[in-house]
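Reviewing the structure listed below.
Computed from the coordinates by the stated procedures, all read-outs in this text should not be read as laboratory data. All values reported here derive from a predicted model rather than from experimental measurement. When we count neighbours, we look across all protein chains shown, and the Cβ atoms used for this are built from the backbone with ideal geometry, even at glycine.
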Amino acid sequence: MARKTLVAGNWKLNGDLTLAAKMLPQITQSLENKQNTLCAIFPSFVHLDAMNAMAEGSGISIGAQNVSEHQSGAFTGEVSLAMLSSIGIKHLLLGHSERRTLFSESDELIFNKTCLAVEQDFNVTFCVGETLDERQQQQTTEVVAKQLQQLLSKPELLANITIAYEPVWAIGTGQTATPEQAQQVHHFIRAEVAKVSETIADTMHILYGGSVNAKNAQALFTQPDIDGGLVGGASLNIEEFLGVLACTN
Ligand code: PGA
């Protein structure tokens, strides 16, 4: 089955409404003749509501970069699924390597958040990926399999999941995985999903992330198991992001 190509921008702790106001109309325009391309942006929490309103009718999905594992209560500084739902946000990025390493999020915590989110009808982009050390020790597939283990044990979640393979050594470093390296891991991930459901494996989007830009996107996106990209740095620059979108058909 032909899967559409999904280009998602992860703004991290960057971007503002001025950038959004310039970028969203240009993305909308570039999507006009692209029936097989999907686009999502993950801005900061404070810009979600306004950007969701700006993106209305454009086909661009606006999603959150994180969510609390708690539904409500005394959790200062947190944002709940219900709060996101109340402003029409139904997409989430979970398990990004920066959340795993800088904020000590465990596989367990990420899985719990994912379960709650899917129960509440969210779509989750679930990130996995190995460190440089793990790659050098030939542990890539082992690490990725472990990060996916709980998720794959609950097949009912999978229809709402996009997997993003993001080798940690390629994030923000300018060092992209080669298309072959990325394809190899994507193929492995799809085969793991196929053990649970071949139908879902056929339809599931598996995105590559890690220094994707307008120059390398074409070679990555034409790999059979790479269904688009999760783009960090290059999603903050309009020309560059439009260049990535131009690499889809
Ligand atoms: P990068 O970030 O494109 O800047 O490497 C990707 C990501 O962290 O999602």
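Which condition from (1) assigned to a loop (DSSP other than H, G, I, E, B); (2) crowded, with 18+ Cβ neighbours inside 10 Å; (3) within 12 Å of the ligand (Cβ to nearest atom) is the one that GLN175 breaks?
(2) is the only condition that GLN175 fails.
Does any residue in segment 198-212 that is part of a strand (DSSP E or B) come within less than 7 Å, Cβ to Cβ, of a residue that is of a type in the set (D, E, K, R) six or more places away or on a different chain, and which pairs are these?
Short answer, once both residue conditions are applied: ILE206/ARG190; ILE206/ASP225; ILE206/ASP227; LEU207/ASP227; GLY209/GLU166.
Could you say whether any residue in segment 160-169 is away from the ligand (no atom under 16 Å from the Cβ), under 30 Å from GLU239 (Cα atoms), without any contact (Cβ under 8 Å) to a residue 60 or more places away in the chain and among the hydrophobic types (A, V, I, L, M, F, W, C)?
Let us first name the residues in segment 160-169 that are away from the ligand (no atom under 16 Å from the Cβ), namely 160-161.
Applying the additional criterion that residues be under 30 Å from GLU239 (Cα atoms) yields 161.
Still in the running and without any contact (Cβ under 8 Å) to a residue 60 or more places away in the chain: 161.
In the following step, the residues that additionally are among the hydrophobic types (A, V, I, L, M, F, W, C) were identified as 161.
The answer is yes; a qualifying residue exists.
I'd like to verify a number: residues in segment 143-157 that are without any contact (Cβ under 8 Å) to a residue 40 or more places away in the chain and among the β-branched types (Val, Ile, Thr), how many?
To start, the set of residues in segment 143-157 that are without any contact (Cβ under 8 Å) to a residue 40 or more places away in the chain comprises 143, 146, 153-154, 156.
Subsequent filtering for residues that are among the β-branched types (Val, Ile, Thr) retains 143.
Looking only at that region, the number is 1.
Among (1) surrounded by fewer than 21 Cβ atoms within 10 Å (Cβ to Cβ); (2) within 18 Å of the chain's Cα centre (by Cα); (3) in a helix (DSSP H, G or I), which single condition is ALA219 missing?
For ALA219, the failing item is (2).
Mind telling me which of the residues VAL193, VAL124, VAL212 ends up being within 14 Å of VAL7 (Cα to Cα) and buried (at least 21 other Cβ atoms within 10 Å of the Cβ)?
VAL212
Among the residues of segment 226-249, which ones are under 15 Å from the mean Cα position of the chain (by Cα) and within 16 Å of ALA2 (Cα to Cα)?
Listed by number, the residues that qualify are ILE226, ASP227, GLY228.
Taking the residues in segment 77-98 that are in a helix (DSSP H, G or I) and away from the ligand (no atom under 16 Å from the Cβ) as candidates, determine which candidate is surrounded by the fewest Cβ atoms within 10 Å (Cβ to Cβ).
Among residues in segment 77-98 that are in a helix (DSSP H, G or I) and away from the ligand (no atom under 16 Å from the Cβ), the one surrounded by the fewest Cβ atoms within 10 Å (Cβ to Cβ) is SER86.
Run down ILE89, ILE110 and say which single residue is closer than 28 Å to TRP169 by Cα and touching a strand residue (DSSP E or B) at 6+ places or on another chain (Cβ under 8 Å).
Residue meeting the stated conditions: ILE110.
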